[in-house]
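What follows is a set of notes on a single structure, which appears directly below.
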Amino acid sequence: MRRRTVAWWSPDPRGILPLADLRVTRSLRRSCARYEVRVDTAFDAVIAACADPRREHGWIDERITEAYQRLHRLGWAHSVEAWTPEGELAGGLYGVAVGGLFAGESMFHRRPDASKVALVHLVDLLVAGGASLLDVQWTTDPLRSLGAVDVPRTEYLERLASALALPLPDAFRRSTG
C-alpha cells in the first residue's frame with residue numbers, strides 16, 4: 001500500500017462564515033427544533049462518519065483520523081452533533097478551536113439538515129463565547145447559502161490574528177478537575 005503525503009492547504013481566497021451573517025431559513029429553523037444538539041459526546045463517531053470512504057471527495061484517512069482523535073483528547077478538536085429524539089446521530093461536524101477561532105474540518109449528515117443544524121448551533125456557541133472567526137476553508141454552495149464568503153489571504157490573516165488573541169469559548173473548555 002502506497003502512503004499518500006498529507007498536504008497542508010492554505011487557500012487564497014479563504015472561506016469563512018462571518019458569525020453575524022449566518023442565514024437561517026424558516027425551514028432550517030424548523031429543522032433546528034427537530035434535533036438535540038450536543039458538543040463532544042460522539043467525536044469518534046462524527047469523524048468516522050466524515051471519513052466514510054463512500055463519500056465523494058473523501059480525504060480523511062486513518063492517519064488524519066488518528067491525528068484529530070489525539071487533538072480531541074488534548075482538548076483542541078471538538079465535535080458538534082445533531083441527534084434525533086430516538087437517540088440516533090443524524091449529523092454533525094468537527095474542527096479545531098483555538099482562542100476565538102473555530103477551524104471547521106468536515107461535516108456529515110444522515111438526515112435532512114442535520115449538519116446544518118450542527119453548524120447553526122456552533123455559530124450560536126461561538127457568538128455566546130465571544131469568538132470572532134469560523135474558518136470553513138473552502139466555500140461550497142451549501143455553505144454559501146448559509147452566509148459563507150471568500151476573503152483574500154491578507155484579510156484572513158488579519159482576522160486570524162485577532163481571533164487567536166481572544167479567549168476560548170466556554171463551550172470548548174474542558175474541566176481539569
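The values are calculated or read from the model by the stated rules, or taken from the named source; none is laboratory data. Since we're looking at a predicted model, the values are computed, not measured. Every residue, glycine among them, receives a Cβ derived from its backbone with ideal geometry; neighbour counts consider all protein chains shown.
Could you list all residues from the range 13-52 that are more than 16 Å from D124 (Cβ to Cβ), in contact with a helix residue (DSSP H, G or I) (Cβ under 7 Å, 6 or more places away or on another chain) and among the small types (G, A, S)?
Answer for the range 13-52, where residues must be more than 16 Å from D124 (Cβ to Cβ), in contact with a helix residue (DSSP H, G or I) (Cβ under 7 Å, 6 or more places away or on another chain) and among the small types (G, A, S): G15, A51.
Residue by residue through the range 98-138, note down the ones that are polar (S, T, N, Q) and over 26 Å from R30 (Cβ atoms).
Passing the criteria: S132, Q137.
Only one residue in L160, L74, L133, L93 is in contact with a strand residue (DSSP E or B) (Cβ under 6 Å, 6 or more places away or on another chain) and farther than 20 Å from E36 by Cβ. Which one? Full working, then the answer.
Working: L160 fails: in contact with a strand residue (DSSP E or B) (Cβ under 6 Å, 6 or more places away or on another chain); L74 fails: in contact with a strand residue (DSSP E or B) (Cβ under 6 Å, 6 or more places away or on another chain); L93 fails: farther than 20 Å from E36 by Cβ.
One residue alone meets the criteria, L133.
Among the helices (runs of 4 or more DSSP H) confined wholly to the range 88-171, which include 3 or more residues that are touching a helix residue (DSSP H, G or I) at 6+ places or on another chain (Cβ under 7 Å) and buried (at least 23 other Cβ atoms within 10 Å of the Cβ)? Explain how you work it out, then say what you get.
Details: elements: 114-128, 141-145, 153-164.
Counting at least 3 such residues, we get 114-128.
For the range 58-65, does any single residue satisfy the condition of being modelled with pLDDT of 95 or more and either surrounded by 22 or more Cβ atoms within 10 Å (Cβ to Cβ) or over 16 Å from the mean Cα position of the chain (by Cα) (or both)? I'd like the intermediate steps shown before the answer.
Of the range 58-65, the ones modelled with pLDDT of 95 or more are 65.
Narrowing further to those that are either surrounded by 22 or more Cβ atoms within 10 Å (Cβ to Cβ) or over 16 Å from the mean Cα position of the chain (by Cα) (or both): none.
No, because not a single residue in the range 58-65 is modelled with pLDDT of 95 or more and either surrounded by 22 or more Cβ atoms within 10 Å (Cβ to Cβ) or over 16 Å from the mean Cα position of the chain (by Cα) (or both).
Report the residue count in the range 125-170 for those that are basic (K, R) and at pLDDT below 95.
Number of matching residues: 0.
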